[in-house]
Amino acid sequence: MAAVLVVGKGGREHALAWKLAQSPQVDRVYVAPGNAGTAREFENVPIDPLDFESLISFAQERGIELTVVGPEEPLCKGIVDAFQAAGLRIFGPDRAAAQLEGSKVFAKELMREAGVPTASFQVFDDPADANAYLDTIGNKPVVVKADGLAAGKGAIVCETIQEARAAVKRIMRERVFGDAGNRIVIEERLTGEELSVLAICDGSNLVRLEPAQDHKRAYDGDRGPNTGGMGAYSPTPMVTPELLEEIDRNILIPTLHAMRRRRTPFKGVLYAGLMLTQGGPKVLEFNVRFGDPECQPLVMRMNSDLYELCNAAIDGRIRELPDVAWDERWAICVVLASEGYPGSYKKGLPITGLESAESAAHVKVFHAGTAIKDGQVVTDGGRILGVTALGDTLPEAKRYAYEAIRKIKAPGAWCRHDIGDRAIRWLMDRAGV
Ligand code: AMP
Ligand code: GLY
């Protein structure tokens, strides 16, 4: 029996720990540093995800067979290289491969080289050049992106040239994202439905997971500021098997091959953030890890053994495994957020009603920003919980998730009320209702 270490502290990491613990080969799960949910179900280890030395010592002392990394920052900073150098098994891309998320310029150039459809773009390292370029394109809507990691806030979607100029100024002159803004990408703004497609890769081959849709804006009707994600559901009815095959053929596989050709083979989760445009699916961004909250509905529906999948990816034998098996039901995750999120918010407020919310077998409350203080579960982050439910239909999954989230009380906490609605409307239109 194996011991597993999950690195991170959000809803995604609770979901990964929960899923890995279901493997018949796993008997112990540790989460570093974890949250109140992982403390109750598994064992938390108070080590920061960027303290590789302490994580490695812990993994060696406890005989950890597999480490799974949730967030992008340790991946981009080389946690996989450090573990491998110490002879430890770890699931995720090494530092060179993690550039696919860590540098927008790297990702865009790789896509150009591999012929992967994406918004047309230009790269700048001087704000004057960027502004001169903006003068040449008229009032076309663009997106200005910091090259480096910016906690999901590095893409500024602009309506007008004035907004684009202001974005260049914020990133390159005011340096709001620090060194992440030394270079920028200015790209064509795309329109359409957004979709997340994730695949587990072993360097040469991949298995695609079922598609999921995130809800990035804070408020109902996709209004308000961007967030880490306010909810997600899977599968996505608007996506046909043919479209998924096109995504495999034109996006995922060429990306994996291009990474291998560059001698930075990609092992781990390749997450393609896509826009389904009139001209077909195009890549908005790559991430090199599970999405949060997309991970939550995905693991609720995954029947295959995630421990087995991660090991096969590490050993380069993903092709030997049977296809990933999925629960046919629908899953929805609704995020409960702190008052003020995605701006500033208070921490340490009491959360009640968790047990009652989780009493149904088809509901799982994944903790995100929670902690335990004097024996009480309290808020500890902007996204507090991801209440995730399975249902035979999408409206049923939605009803279960919202019935459960209503039982949870925390001062000022709120959620979006329309998670999954676009898909429900689409299904109703198709059925002629
Ligand atoms: P990114 O950090 O690149 O994922 O961008 C964050 C969000 O900005 C995406 O989820 C989209 O909603 C939006 N976005 C990014 N690039 C574009 C684009 N080229 N056109 C339209 N929206 C975009
Ligand atoms: N939910 C979006 C992300 O994980 O990047």
Specify which of the listed residues (ALA371, ALA337) is touching a Lys or Arg at 6+ places or on another chain (Cβ under 7 Å) and closer than 16 Å to ASN35 by Cβ. ALA337
Of the residues ALA130, ALA59, ALA114, which is more than 27 Å from the chain's Cα centre (by Cα), aliphatic (A, V, I, L, M) and either surrounded by 18 or more Cβ atoms within 10 Å (Cβ to Cβ) or more than 16 Å from ligand 1 (Cβ to nearest atom) (or both)? ALA130
Modelled with pLDDT under 95 and more than 16 Å from ligand 2 (Cβ to nearest atom), is that true of LEU309? no
For residues in the range 3-27 being touching a Gly at 6+ places or on another chain (Cβ under 9 Å) and farther than 19 Å from VAL80 by Cα, which is farthest from ligand 2 (Cβ to nearest atom)? TRP18
Identity of the residue in the range 377-433, among the hydrophobic types (A, V, I, L, M, F, W, C) and modelled with pLDDT under 95, that ends up nearest to the chain's Cα centre (by Cα): ALA423
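Every residue, every condition in (1) of a type outside the set (D, E, K, R); (2) crowded, with 24+ Cβ neighbours inside 10 Å; (3) in contact with a Leu (Cβ under 8 Å, 6 or more places away or on another chain), yes or no:
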site	(1), (2), (3)
VAL6	yes, yes, yes
GLY11	yes, yes, yes
ALA17	yes, yes, no
ILE47	yes, no, yes
CYS76	yes, no, yes
Number of the exception - LYS398 against (1) closer than 14 Å to VAL334 by Cα; (2) surrounded by fewer than 22 Cβ atoms within 10 Å (Cβ to Cβ): (2)
Starting from residues that are within 23 Å of GLN278 (Cβ to Cβ) and within 16 Å of ligand 1 (Cβ to nearest atom), keep the ones in the range 220-243 and report whichever is farthest from the chain's Cα centre (by Cα). GLY221
So which residues in the range 126-164 are in a loop (DSSP other than H, G, I, E, B), away from ligand 2 (no atom under 16 Å from the Cβ) and closer than 15 Å to ILE184 by Cβ, if there are any at all? ASP126, ILE137, ASP147, CYS158
With (1) surrounded by fewer than 19 Cβ atoms within 10 Å (Cβ to Cβ); (2) among the hydroxyl-bearing types (Ser, Thr, Tyr); (3) within 16 Å of ligand 1 (Cβ to nearest atom); (4) closer than 29 Å to VAL365 by Cα as the list, and THR277 as the residue in question, which single condition is left unmet? (4)
Residues of the range 160-184 being surrounded by fewer than 16 Cβ atoms within 10 Å (Cβ to Cβ) and closer than 18 Å to PHE121 by Cβ, which ones? GLU163, ASN182
Hey, PHE290 hits all of (1) in a strand (DSSP E or B); (2) closer than 20 Å to GLY11 by Cα; (3) within 16 Å of ligand 1 (Cβ to nearest atom) but one; which does it fall short on? (1)
May I ask you to verify whether GLU187 is closer than 30 Å to ASP125 by Cβ, within 16 Å of ligand 2 (Cβ to nearest atom) and of a type in the set (Asp, Glu)? no
Run GLU210 past the list (1) within 16 Å of ligand 2 (Cβ to nearest atom); (2) of a type in the set (Asp, Glu); (3) over 20 Å from the mean Cα position of the chain (by Cα) and report the number of the one that doesn't hold. (3)
The range 1-115: helices (runs of 4 or more DSSP H) wholly inside it with 1 or more residues that are polar (S, T, N, Q) and modelled with pLDDT of 95 or more are 36-41, 52-61, 79-85, 99-102
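The values are calculated or read from the model by the stated rules, or taken from the named source; none is laboratory data. Just so it is clear, the model here is predicted, and its values are computed rather than measured. Positions of Cβ are generated from backbone atoms using ideal geometry, with glycine treated the same way; all protein chains shown enter the neighbour counts.
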